[in-house]
Each structure stands twice: as structure tokens, then as C-alpha cells.
Amino acid sequence: MTIRKYILLIIILTASCEKTNIEKCDDSQSLYLFSNFPIGVAIDMNELNNDNQYYEIAINQFNSVTPENIFKPSFLHPNENYFDWLEADKLVEFCQINNKRLHGHTLIWHNQLPDWIINFQGNQSEWDLMFKEHIQTICMHFKGKIKSWDVVNEAFNDNGTLRNTIWKQKIGSSYIEKAFMYAHEADPDALLFYNDCDIALNETKRKAILSLLNNLRQRGVSIHGIGMQMHISIVHPENKQIAAALKEISDNGFKIHLSEIDISVNPLSKEIEPSIELFERQANKLAAITLLYKEIPSRYQYGITFWGLSDKNTWIRNYFNRDDYPLLFDDNYDPKPVYCKFKDIL
Ligand code: 9MR
């Protein structure tokens with residue numbers, strides 16, 4: 001073989017190898033520096049406290065933080081007359097020192113409630129008082145330190161009716177309106193969000209949410225935005241459904257926080273191996289969403305928040321008991337194709 005032929009063969013072999021390897025991309029620069037809106041991550045306090053790599057990526061890549069669990073009632077308000085601020089205040093300090101926006105999640109939800117609330121005995125006005133004190137004690141504690149709150153989370157059923165939560169049963173349907181009023185009274189500077197899942201996928205639910213929030217706003221209740229959770233997959237919802245939701249919500253004058261993004265590559269819970277093809281589809285999905293999000297007026301872009309930092313931190317694996325790889329970084333904290341493409345599109 002002549003030297004020329006040998007060199008040609010090496011070039012061809014190298015090129016074909018590159019095709020089959022997952023390209024590792026450069027994550028030496030912060031994602032948020034490429035973006036005109038905040039890029040957030042849901043923080044697991046155990047990881048932040050104990051894992052240096054996690055801590056470094058959280059600081060380096062993101063400029064907005066949502067506590068994944070520690071601001072929920074069972075953590076912050078474990079007993080009727082006791083609030084546990086310790087871990088939450090650590091996160092506040094982390095955000096202050098590192099200049100991160102802090103988004104509170106969540107004041108009122110039907111999950112992760114402490115037993116004392118579930119077992120609370122009282123008439124409607126006693127429930128209302130307890131509810132008000134819960135919301136206002138938390139809002140006042142974090143006043144000036146938190147930019148925004150998910151005030152009410154997941155209050156609607158898929159068919160557009162109100163979910164029959166303990167709050168609705170004990171206080172009545174007006175609990176949503178009251179939650180926003182109490183939060184605003186306690187911290188008038190905080191931006192207040194309603195947060196829910198399947199807002200893009202389910203038009204009926206979206207219309208019901210918008211109808212309620214518009215009605216409350218017409219009556220003077222402060223509601224600034226809607227959190228579209230976006231626990232989605234490489235298949236659903238379709239991009240046109242996401243486009244319709246973004247348009248409709250921003251046309252109605254609400255800020256939009258893509259508040260809990262993860263993109264499942266295994267929505268049918270099969271035995272799978274992570275493959276280049278799946279990761280490219282995931283990257284394309286996030287790229288499409290990002291392009292659509294960039295089209296809404298900037299005053300409505302509250303930011304894009306990922307529901308976890310790396311694939312090993314995702315709630316999905318435990319919850320559905322399946323293999324999945326829904327986030328920007330892999331199990332070794334290396335950036336995935338979805339990270340690279342996201343950065344390019346931002
Ligand atoms: O990611 C959270 C997980 O660690 C908790 O076990 C779970 C409890 O229900 O809540 C998860 O976060 C949820 C969020 O607070 C609201 N939207 C759905 C999220 C995923 O379940």
C-alpha cells in the first residue's frame with residue numbers, strides 16, 4: 001500500500017468512527033451565558049450538600065434554582081407549630097452567594113403534605129386560617145430572598161374540572177384565589193405562578209386553567225405567570241401542541257416558566273440501551289421547544305428550568321422504575337447531545 005492510500009484509509013476510518021461515537025461537547029462555558037432568559041435547575045439538597053461535582057455544575061451552568069423538594073409543606077412545615085428553615089435557608093444562602101435566582105416550589109399542593117395537615121380537625125374558617133398562616137409565614141420568611149413562587153400546583157384534573165384536593169374539600173373552590181391573595185399580601189414583590197403538568201398536551205385542561213386565572217385576574221388577584229411543567233418525552237406532546245400552548249398563554253398576558261423540563265427517551269418503560277439515535281431525538285425535541293420559546297415576547301419568558309441536574313438525579317427512574325435518561329448531563333456528569341444542541345440553539 002502506498003503512503004497516500006494508507007493516509008486515505010486512516011482518514012476514512014477516523015470519519016466512520018466519529019459517526020458512531022457520542023460526541024462529547026464543550027461545557028466549559030456556562031449555559032446561561034448563551035441565553036436571554038434564565039436557565040434553571042431543580043436542586044436536590046442532599047446532592048448539593050454532598051457531591052462536589054453536582055455543586056460545581058449547579059453553580060457553573062445555571063442561573064436560576066428551584067428546590068426540588070425542600071420547600072414543600074412536609075419539609076418546611078412538619079408540625080403545626082414548627083417550621084424547619086434549616087435546609088431551605090442554606091439554599092437561600094447558596095443562591096445569594098452565587099447570584100442565582102430562587103423560585104419557590106410550592107406553597108399549596110395535594111402531595112407531600114405533613115400528617116398534621118392531613119389530620120387537621122376544624123371547620124371551614126379554621127382550615128382557612130391554618131391555610132393562610134401556612135402560606136403567609138413561609139412567604140414572609142423568604143420575603144426579599146425569593147423572586148417568585150409556585151403558589152398552587154396541579155389543581156386541575158385532565159378533564160378540566162378542579163381536582164378534589166383536601167384544600168378544595170375543606171376550604172372550597174375559592175382556595176386557589178385565596179392562596180394567591182394571601183401570598184401577595186405577605187410578599188407583594190414576589191411574582192406568583194400557577195404550575196401544572198400536561199398544559200401543552202391537554203388543551204381542555206389548559207383552557208380551564210386560563211379561564212380560571214383570567215377570571216381571578218379580572219377581579220384584581222395578582223397572578224403573574226403559568227408554570228408549564230413539561231415532563232415530556234421524545235414523542236409527546238407534538239411541537240405544534242407546544243407552540244399552541246405558548247402562544248395561547250402569552251396572548252393571555254401571562255409569563256411562562258417551562259418549570260420542570262425533562263425529556264424521557266423511554267416513555268413506554270421498555271428495556272432500552274441509551275443510543276445515539278435516542279439522544280439525537282431528545283436533543284432535537286429540546287431544540288424545537290427552545291426555538292418556540294424564543295418566539296414569545298421576552299417579557300413573558302420567565303425561563304427554562306430542568307427538573308434535575310443529571311440523569312442519575314432524575315425522579316423518573318424511581319417513580320416509574322425504569323431506565324431513562326431525561327436530562328442534560330449523563331450519569332457521570334458529562335454533557336449529552338441534548339446539552340450541546342441546547343447551547344447552540346439558545
Ligand atoms: O422530583 C420530586 C420527587 O423527588 C418527589 O419524590 C415527588 C413527590 O411527589 O415530587 C417530585 O417533583 C414533582 C413536582 O414537585 C411537581 N410536579 C411533578 C414533579 C415530579 O413528580
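The values are calculated or read from the model by the stated rules, or taken from the named source; none is laboratory data. Here the structure is a predicted model, which is why all the values come from computation and not from measurement. Backbone-built Cβ (ideal geometry, glycine too); neighbour counts: all protein chains shown. Quick note on the areas: whole protein, heavy atoms, side chains included, nothing else; ligands and nucleic acids left out. Shrake-Rupley method; radii C 1.70, N 1.55, O 1.52, S 1.80 Å.
Below, the figures for the structure above:
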| quantity | calculated |
| --- | --- |
| Label zone at ASP323, where the point sits 7 Å out along the Cα-to-Cβ direction: region 200-243 residues whose backbone N lies under 20 Å | 233-235 |
| Cα-based helix-to-principal-axis angle, 276-295 vs the chain, degrees rounded to 10 | 50 degrees |
| Accessible surface of the chain, 1.4 Å probe, proportion on carbon and sulfur as whole % | 48 percent |
| For the chain, Kirkwood radius (reciprocal of mean inverse C-alpha pair distance, Å) | 21.4 Å |
| Rounded Å value of the spacing that divides the Cα centres of region 165-225 and region 104-132 | 16 Å |
| Square roots of five times the Cα gyration tensor eigenvalues for region 223-345, Å | 26, 14, 13 |
| Electrostatic dipole magnitude of the chain [Cβ: Lys, Arg +1; Asp, Glu -1; Cα centre; debye, to 20] | 1060 debye |
| Estimated dipole of region 132-215 in Debye, rounded to 20 [Cβ of Lys and Arg +1, of Asp and Glu -1, Cα centre] | 140 debye |
| Region 98-113 - phi-based ³J(HN,Hα) in whole Hz, Karplus 6.51/-1.76/1.60, Gly and Pro as x | 9, 6, 10, 6, 10, 10, x, 9, 8, 6, 10, 8, 8, 9, 6, 8 |
| On Cα atoms only, tilt of 124-141 relative to the major axis of the chain in degrees | 50 degrees |
| Added length on full extension, which subtracts the Cα-Cα distance from 0.36 nm per residue, ASP344 to ASN111 | 80.2 nm |
| Cross-link partners of LYS341 among lysines (Cα-Cα below 16 Å; sequence separation of 8 or more within a chain) | LYS24, LYS285, LYS294 |
| Amide hydrogen neighbours beyond the local backbone of SER233, cut-off 5 Å, H modeled | SER264 |
| Percent RCO, i.e. relative contact order, over the chain, from Cα pairs under 8 Å lying at least 6 residues apart | 17 percent |
| For the chain: accessible area per residue (Å², 1.4 Å) | 47 Å² |
| Estimated [θ] at 222 nm from DSSP helical runs (n ≥ 4, -39500 (n - 2.57)) normalised by residues in the chain, nearest 500 | -13500 deg cm²/dmol |
